1. Contact order normalised by length for the chain, with contacts defined as Cα pairs under 8 Å and 6 or more residues apart; what percent is it?
2. Given the Cα-Cα distance of GLU8 and SER31 and 0.36 nm per residue of separation, how much length would full extension add, in nm?
3. Do the sum for the chain: with -39,500 (n - 2.57) for every DSSP H run of n ≥ 4, divided by all residues, what is the mean residue ellipticity at 222 nm, to the nearest 500 deg cm²/dmol?
4. Please find the FRET efficiency linking ASP304 to ALA174, where r is the Cβ-Cβ separation and R0 is fixed at 60 Å, and quote it to the nearest 0.05.
5. Can you check what the net charge comes to around GLU82, using other residues whose Cβ is under 12 Å from the Cβ of GLU82 (Lys, Arg +1; Asp, Glu -1)?
6. By the scheme Lys and Arg +1, Asp and Glu -1, what is the net charge of all other residues having a beta-carbon under 13 Å from that of GLN160?
7. ARG107 to THR38: FRET efficiency via 1/(1 + (r/R0)^6), r the Cβ-Cβ distance, R0 25 Å, to the nearest 0.05?
8. Using a Gaussian network model of the chain with C-alpha springs under 10 Å, which one of LYS322, LYS337, LYS258 is most mobile by mean-square fluctuation?
Amino acid sequence: SNAQPLTELSADQLAAFRQEQQAAYETLKSSGLKLDLTRGKPSAQQLDLSNGLLQLPTSYVDAAGTDTRNYGGLQGIAQLREIFAELLWVEPEQVVAGGNSSLTMMRDTLYYLMLSGGVDSPRPWAQEEKVRFICPVPGYDRHHTLLESLGIEMLTVPMQADGPDADAVAALVADDPTIKGIWIVPTYSNPAGAVCSQEVAAKLASMPTAAPDFKIFWDNAYAFHHLTQDEAKSADVLSLASAAGHPNRPIMFASTSKITFAGAGVGFLAASVEQVKWYLGHLGKGSIGPDKINQLRHAEFFGDADGVRKHMRGHRDIIAPKFAEVQRILRQRLGGKGVATWTDPIGGYFVSLDVIPGTASRVVQLAKDAGIALTPAGASYPYGNDPDDTNIRLAPTFPVAEEVTAAMEAVATCVLLAAAEKLAG
Ligand code: PMP
């Protein structure tokens, strides 16, 4: 039957199934598709939601009376910091509004830690014999490549539905002073769609660490990117850490890259006031101030925190149907066959697909040969190495709806063929 697990097929049935899938794949290949499910980018329709920015600001003087055309204001304009402080559950003085990329702020923070050490470091990290980080997997490839570029070794823990496996993390950091940090995407994680619970966040914020300057890089890139009415609230990690006596442990990041324009938004960093001072002290060596005109433009465009929330519902209306289509096709084509499991996220930009161990790279290759670009297998793991060769990241926001349908039908065909090959093999 249609929904019979492949493992229950007889050898003859499996051979027939494999032939069917091979034929379907040949048809797919000859249809000359050219589709891309690789990067988590907003679609043109989503970008259009923010075209009002192109007519702003109406004035170049901000609410505090500052002429935004000139140098200065390293921390970013208060008017915009106030809006995002409310959204991120922190105080405006804990927030830095920066340039167009939060990833750049994360990189700078790591560089400062390496070259100079943090507010609570005995010495610069680069002077340690070894520096290691914990990376929940699957995770965001750019976090991994940044750490790798600095020679920071990566250890992995599983990313679970409620965040990183906190017991595994606590066990690792308890008596290993070389472990200096962990990278977490707490809300609608890339790519698993996991939401870090208050309990997990509290554990990470309070656990004893052998390193006195252990950092949580709390990358809340998808904090407001809800796909349903069930809007996850990010755990308040700064308050939790502060209450536990580790006020400088978390450094929070966010940006409007997937709220307004992905190349012309505003990045944010939030931390204890002391740590913000530390960050600005280093930043000030290389900048006299950020692009305050873009910041004012964003503040005018949103008006207040509710303006951001309302704007995000516009995104949801555009991308939720694409995510529903991914689910429909996966369910219809792969459901009950015992060849894959996948996430059904309530926010963020990705669906994480786990195929039969040992077949993810084969699926990606088959798709590529048929004209469908998928994120390389293993991309969500440090060093690009998924030890089980099982995980594939799907990013359905950028293509138009018909392309999502065609691409996902193709992915399903590739998953079934790779599974049939493997089981027959
Ligand atoms: N963090 C995560 C988890 C992301 O998925 C992305 C975008 N792909 C970024 C950071 C990049 O953010 P920004 O554009 O602000 O540099």
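FYI, it's all coordinate maths here, none of it is from the lab. In this text the structure is predicted, and so the values were computed from the model without any measurement. With ideal geometry, Cβ positions are generated from the backbone for all residues, glycine too; neighbour counts draw on all protein chains shown.
1. It comes to 26 percent, rounded to a whole number.
2. 5.1 nm
3. Numbers: 13 runs with 170 residues, N = 425.
Per the formula, -12500 deg cm²/dmol.
4. On the way: r = 43 Å, r/R0 = 0.72.
Rounded to the nearest 0.05, the efficiency is 0.90.
5. -4
6. -3
7. Plugging the Cβ-Cβ distance into 1/(1 + (r/R0)^6) gives 0.70.
8. Evaluated over the chain, the most mobile residue of the options is LYS337.
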